[in-house]
């Protein structure tokens, strides 16, 4: 068994490892919300929503604004593509919806690549792992935004104008980048607080969320060909963003979708941050934005769209109010005696220098039990470990004592 085969076994087929779950908006039965993928009908974690239905309150969602989406987990499997959607299972605008029909889960926003993380593999080891959450789910460090690397990202997901008012279920669906044919789904009870009954036609035009790898509900698998990569969601909807380039081979035997083209939103008026007393800062930046998702303003959200191209020149000047020159030494400076260099760190030490990447996606063995994956940029990623009963011998995985 080669190093690369071991990578797939260790990261993909071991369900004993925790994965990821949405924690904001507050999910159904939050104490039971699982980090595991959806199972076929009759399984422990069935579609939809891994079978959970309980809740004590609903999160308010206001069309024309955004909602914060955050996650718990230490195994983002290199990231992937996410969709966010709505299901009006109680009916909306007189149209009944079924929770059991994937096409009735309406896509409101899609992120292609980079969700819920951008990392070479998982974040289950130091320095990325941070322990168990209150419900004893493994968790990794959090970015706090949608731009960090080797951490769990947080997103501001737009809630489009036109959604009908009423009770609904908000869903996160994730197809991971390093996959064994899995799809994840976490659901949250929400209340859409619209000013009117919404646009029934708008809701009907939203595409159904895409579910690969769910036996009994879908007819395709992203792992059929054994290729790994960012899956380009077919029919991603009007609104979204592409953060990482997709790979057509990652579609398996599912539909190979063309590059997504998302509508743009108006740029919100930003609040300038006033500098502290003692210095002044003048900043100008050159920005070119075209076909880019931008946070909405309070008016015209999702209904007045345009492509924005802007260029602004910038100069940055910082003047300190009281610059103090360094003191002139009045006595000689004595340097400490040199000390011998420390011994080299073992290969499986997280702080040890990592070898170069052969090419993106390849696995690098580090010592007897550790490995890392080359990320899409050709950089050796986070240190990861085999199961305790396994070890590397000459680039292959063997059981200890065998």
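Of all residues being assigned to a strand (DSSP E or B) and surrounded by 23 or more Cβ atoms within 10 Å (Cβ to Cβ) in the stretch 140-154, which is nearest to the chain's Cα centre (by Cα)? Just the residue, please.
Across the stretch 140-154, the extreme among qualifying residues is 152.
Please work out if residue 202 is within 28 Å of residue 57 (Cα to Cα) and either in a helix (DSSP H, G or I) or free of Cβ contacts under 8 Å to residues at least 24 places away in the same chain (or both).
The answer is yes for residue 202.
Search the stretch 35-59 for residues being more than 23 Å from the chain's Cα centre (by Cα) and under 23 Å from residue 158 (Cα atoms), and hand back the single one that is modelled with the highest pLDDT.
Going through the qualifying residues, I end up with 58.
May I ask you to say which residue of 114, 54, 85, 80 is out of contact with any strand residue (DSSP E or B) (no Cβ under 7 Å at 6 or more places or on another chain) and buried (at least 18 other Cβ atoms within 10 Å of the Cβ)?
Exactly one of 114, 54, 85, 80 is out of contact with any strand residue (DSSP E or B) (no Cβ under 7 Å at 6 or more places or on another chain) and buried (at least 18 other Cβ atoms within 10 Å of the Cβ), namely 114.
Among the residues of the stretch 155-163, is any under 30 Å from residue 358 (Cα atoms), in a strand (DSSP E or B) and either free of Cβ contacts under 8 Å to residues at least 40 places away in the same chain or touching a strand residue (DSSP E or B) at 6+ places or on another chain (Cβ under 6 Å) (or both)?
Checking the stretch 155-163: not a single residue is under 30 Å from residue 358 (Cα atoms), in a strand (DSSP E or B) and either free of Cβ contacts under 8 Å to residues at least 40 places away in the same chain or touching a strand residue (DSSP E or B) at 6+ places or on another chain (Cβ under 6 Å) (or both).
Condition check ((1) free of Cβ contacts under 8 Å to residues at least 12 places away in the same chain; (2) surrounded by fewer than 24 Cβ atoms within 10 Å (Cβ to Cβ); (3) assigned to a loop (DSSP other than H, G, I, E, B); (4) in contact with a helix residue (DSSP H, G or I) (Cβ under 8 Å, 6 or more places away or on another chain)) across all residues:
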{"residue": "168", "(1), (2), (3), (4)": "no, no, no, no"}
{"residue": "171", "(1), (2), (3), (4)": "no, no, no, yes"}
{"residue": "174", "(1), (2), (3), (4)": "no, no, no, no"}
{"residue": "191", "(1), (2), (3), (4)": "no, yes, no, no"}
{"residue": "194", "(1), (2), (3), (4)": "no, yes, yes, no"}
{"residue": "221", "(1), (2), (3), (4)": "no, yes, yes, no"}
{"residue": "231", "(1), (2), (3), (4)": "no, no, yes, yes"}
{"residue": "235", "(1), (2), (3), (4)": "no, yes, yes, no"}
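Which is over 26 Å from residue 260 (Cα atoms) and in a loop (DSSP other than H, G, I, E, B), of 35, 50?
None of the others qualify; the one that does is 35.
Quick check: anything in the stretch 61-70 free of Cβ contacts under 8 Å to residues at least 40 places away in the same chain and assigned to a strand (DSSP E or B)?
No - not one qualifying residue is present in the stretch 61-70.
Only one of these is modelled with pLDDT under 95 and over 20 Å from residue 51 (Cα atoms): 237, 162. Name it.
162
Can you report the number of residues in the stretch 176-189 which are in a loop (DSSP other than H, G, I, E, B) and touching a helix residue (DSSP H, G or I) at 6+ places or on another chain (Cβ under 9 Å)?
Going through the stretch 176-189 one residue at a time, the tally reaches 6.
All but one of (1) within 21 Å of residue 243 (Cβ to Cβ); (2) surrounded by fewer than 16 Cβ atoms within 10 Å (Cβ to Cβ); (3) in contact (Cβ under 8 Å) with a residue 40 or more places away in the chain hold for residue 100; which doesn't?
(1)
The values are calculated or read from the model by the stated rules, or taken from the named source; none is laboratory data. Given the structure is predicted, the values throughout are model-derived calculations rather than measurements. When we count neighbours, we look across all protein chains shown, and the Cβ atoms used for this are built from the backbone with ideal geometry, even at glycine.
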